[in-house]
2 protein chains.
Amino acid sequence: MENLELYRAFYWTAVERNLSRAAERLFITQPSVSHAIKQLEEALSVTLFNRMPKGVTLTEVGALLFEHVDKAFRELESAERQIAEINNLVRGELRIGSSDSLCKYYLLPHLGQFYNEHPDIHLDLVHGTTPEIIRQVKDGRIDFGIVRLPLNDDSLVTLEATVVQDCFVAGGRFAELASKPLSLADLAAHYPIILFAKTSSSRQFIQELAAQLGVELQPEIELASVDLLIEFAKAGMGISFVTKQFVMNELEAGELTELKLKESIPPRRIGIVYMKNRRLSPASRALIEQHLQVKLP
Amino acid sequence: MENLELYRAFYWTAVERNLSRAAERLFITQPSVSHAIKQLEEALSVTLFNRMPKGVTLTEVGALLFEHVDKAFRELESAERQIAEINNLVRGELRIGSSDSLCKYYLLPHLGQFYNEHPDIHLDLVHGTTPEIIRQVKDGRIDFGIVRLPLNDDSLVTLEATVVQDCFVAGGRFAELASKPLSLADLAAHYPIILFAKTSSSRQFIQELAAQLGVELQPEIELASVDLLIEFAKAGMGISFVTKQFVMNELEAGELTELKLKESIPPRRIGIVYMKNRRLSPASRALIEQHLQVKLP
DNA sequence: TAGTTGATATAGACAGGAGTAATGGCAATG
DNA sequence: CATTGCCATTACTCCTGTCTATATCAACTA
């Protein structure tokens, strides 16, 4: 068939058994329906309706066709209904990528509420390094990513989500260091430093900062997770470089203490990134605007 | 959706993963496809494709939609294929109505050959009185009818199919009557007459003919089937009024003998009738033209 | 039997929109 | 860094789907 719209006229005519009523359903006039049916009949070289004095009835072939057209239309309706549901947030999928610890400490708390409000939206969280996240955003495998800024990529939209402050924390026998300001050089020279693994942006950040200050930062211990950084510091194994917001609980509980550093550590911006030429899914928009409280353009 | 044609563009784009190739499939240009996809996306308020440097890929929603569109299209294709088969006589249905004995003696012999040639065309034979057949033709319940002519109904097409000759036949002890010509009055007065039931056109025919000749035809025996008319005559129970063509076998075998009547019985025309404003199915056309050897207009 | 009602079919005109050609922009590739 | 192979945009053309008006037909109805 060269024109699927004809099937719509056929469908309603078959349902209503009356061209005029079908026309009303289709919001067109009766001659248009008549014409459409005729075109369809000619295209298929069959008679689909018996024209009776008081309406039309399906021929055998018409009835055969109707069965299939009916199924096809139900199929399309079903698809459209499901898409409407996705648009209305009653179902859908939310795929978010976040680098390293941002997932647990920034995203997770907000996701809880989102999940309560939209339990049928399937969550898919991936984590990886910032380049990995960017890659997946570009490939369309995730809806958006949460990464540390700055980022310069013209094909991405970057929204500042929050700002975090890194700091050195100590616990156990090193807790007393908190009383007096220290310089980074002092720390590096006299205390065991615990840093995140080399690949992390956090590690690169402090390493570069130290280098600018002419300090060579050589960690005593390298760990692959923020949780371990915290635990090692709590155990008094050394001084961990962590994001302050991520250790709030421990600081308030007195299990960790923030060291006063003579040099100031610049805050680091956390951003939401997604493809410029791609529309965010309704679920993404809802999460970003309503839960993460980030204003979308 | 207000325009089903957009789904076609969507379908091929999803299959080809490339707007330009989809355009080729659709015999339109790439910008048209691009435009169509865009319209569909706006109508559904979703993004269906990720535009990649080397083509497009389906988004999650796009993939969901594709499943359904694919099914819908298969459904329509299936319908169109079946209709094509009906047009090509590899399948279909043939619904024929014939009054009384015409079915067995005229139609059946030809149907055998038709069935051999087109074994997958379903045959549906209905028989009834001429008015019943006409009614069913008009209601579209049968494709065409085979009835005795004349018939004056402007909404029907009437084609003369064959001509039959009625006659009186006898068997057994009455067979000797065949040697000398008899008048209808003689027959009516001195011999037991066996006629078909009152409702039949055959009965009305001979009754009217007799009345015109001033003869009152009072049957000794009334029967409801041609077979019984034949059997009773063969058994010598009386003289049956039958269609000569229907008793050919018995005449040739000598089981029955045709009486010589002084009056001539006019031949009766048998016709094919169908609705003027309805197209005959391919199967009907084939049977009528090729097997019944009746030329269609 | 003429008139009415409730259907579908046909004819002709018109406007909206699908399609086109030309062009631009972008990303990957060698 | 030019080339290639994509998709998007624009401006214009022309087709076709739709409309109005009218014809036609069958079944009632008075």
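Reported count of residues in the range B:172-192, each being modelled with pLDDT under 85 and either small (Gly, Ala, Ser) or farther than 14 Å from residue B:259 by Cβ (or both), is 4. For residue B:276, the requirement of being surrounded by fewer than 16 Cβ atoms within 10 Å (Cβ to Cβ) and within 14 Å of chain A (Cβ to nearest Cβ) is met. Residue selection: residue A:60 satisfies the criterion of being away from DNA strand C (no atom under 16 Å from the Cβ), farther than 21 Å from residue B:72 by Cβ and open to solvent by 20 Å² or more (accessible area, probe 1.4 Å).
The set of residues in the range A:10-47 that are basic (Lys, Arg) and either within 13 Å of DNA strand D (Cβ to nearest atom) or buried (at least 21 other Cβ atoms within 10 Å of the Cβ) (or both) comprises A:25, A:38. Pull up the range A:46-67, narrow it to residues that are within 20 Å of residue B:121 (Cβ to Cβ) and of a type in the set (Ser, Thr, Tyr), then point me to the one that is nearest to the other protein chains (Cβ to nearest Cβ). Ranking the qualifying residues of the range A:46-67, first place goes to A:47. Kindly establish whether residue B:26 is within 11 Å of chain A (Cβ to nearest Cβ) and closer than 17 Å to residue A:87 by Cβ. Considered against the rule, which asks whether it is within 11 Å of chain A (Cβ to nearest Cβ) and closer than 17 Å to residue A:87 by Cβ, residue B:26 comes out as no.
From the list A:70, A:120, the one residue that fits, being in contact (Cβ under 8 Å) with a residue 40 or more places away in the chain, more than 7 Å from chain B (Cβ to nearest Cβ), among the acidic types (Asp, Glu) and surrounded by fewer than 17 Cβ atoms within 10 Å (Cβ to Cβ), is A:70.
Taking the conditions (1) surrounded by fewer than 19 Cβ atoms within 10 Å (Cβ to Cβ); (2) more than 8 Å from every other protein chain (Cβ to nearest Cβ) in turn, residue A:114 satisfies each one other than (1). Only one of the numbered conditions (1) in a helix (DSSP H, G or I); (2) of a type outside the set (D, E, K, R); (3) at the interface with another protein chain (Cβ under 10 Å from one of its Cβ atoms) is violated by residue B:20, and that is (3). Can you find a residue that is more than 16 Å from DNA strand D (Cβ to nearest atom), modelled with pLDDT under 85, within 14 Å of another protein chain (Cβ to nearest Cβ) and closer than 25 Å to residue B:47 by Cα anywhere in the range A:138-148? Checked the range A:138-148: at least one residue is more than 16 Å from DNA strand D (Cβ to nearest atom), modelled with pLDDT under 85, within 14 Å of another protein chain (Cβ to nearest Cβ) and closer than 25 Å to residue B:47 by Cα.
Each row is one residue, and each column tells you yes or no for (1) closer than 17 Å to residue A:167 by Cβ; (2) in the same structural domain as residue A:189 (by TED's automatic domain parsing).
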| site | (1), (2) |
| --- | --- |
| A:214 | no, yes |
| A:222 | no, yes |
| A:230 | yes, yes |
| A:240 | yes, yes |
| A:275 | no, no |
| A:279 | no, no |
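Of the strands (runs of 3 or more DSSP E) that lie entirely inside the range A:207-297, those containing 2 or more residues that are at pLDDT below 90 span A:268-275. Criterion applied to B:26, B:40, B:94 was being at pLDDT below 95 and away from DNA strand C (no atom under 16 Å from the Cβ), and the one residue passing it is B:94.
You will find that of A:184, A:213, the residue that is touching a residue at least 12 places away in the same chain (Cβ under 8 Å), open to solvent by less than 30 Å² (accessible area, probe 1.4 Å) and aliphatic (A, V, I, L, M) is A:184 and no other. Taking the stated definitions as given, is residue B:252 in contact (Cβ under 8 Å) with a residue 24 or more places away in the chain, exposed (fewer than 15 other Cβ atoms within 10 Å of the Cβ) and charged (D, E, K, R)? It is false that residue B:252 is in contact (Cβ under 8 Å) with a residue 24 or more places away in the chain, exposed (fewer than 15 other Cβ atoms within 10 Å of the Cβ) and charged (D, E, K, R). Checking residue B:88 against (1) touching a residue at least 60 places away in the same chain (Cβ under 8 Å); (2) open to solvent by 30 Å² or more (accessible area, probe 1.4 Å); (3) more than 14 Å from chain A (Cβ to nearest Cβ), only one condition comes out false. Which one? Result: residue B:88 passes all but (3). Residues in the range A:255-289 that are without any contact (Cβ under 8 Å) to a residue 12 or more places away in the chain and more than 15 Å from residue A:145 (Cα to Cα): A:264 only.
Among the residues of this structure, residue A:203 does not count as one that is in the same structural domain as residue A:153 (by TED's automatic domain parsing), closer than 23 Å to residue A:135 by Cα and free of Cβ contacts under 8 Å to residues at least 40 places away in the same chain. Of all residues in the range B:14-57, exactly one satisfies the criterion of being aromatic (Phe, Trp, Tyr) and closer than 18 Å to residue B:69 by Cα, namely B:49.
Looking at B:137, B:157, B:163, B:147, just one residue is of a type in the set (A, V, I, L, M, F, W, C), within 19 Å of residue B:296 (Cα to Cα) and open to solvent by 60 Å² or more (accessible area, probe 1.4 Å), and that residue is B:163.
The values are calculated or read from the model by the stated rules, or taken from the named source; none is laboratory data. These figures come from a predicted structure and were not determined experimentally. Cβ atoms come from the backbone with ideal geometry, glycine included; neighbour counts cover every protein chain shown. Ligands, DNA and RNA are stripped out before the accessible areas are found, and what is left, the full protein with its side chains, is counted by its heavy atoms. Shrake-Rupley method; radii C 1.70, N 1.55, O 1.52, S 1.80 Å.
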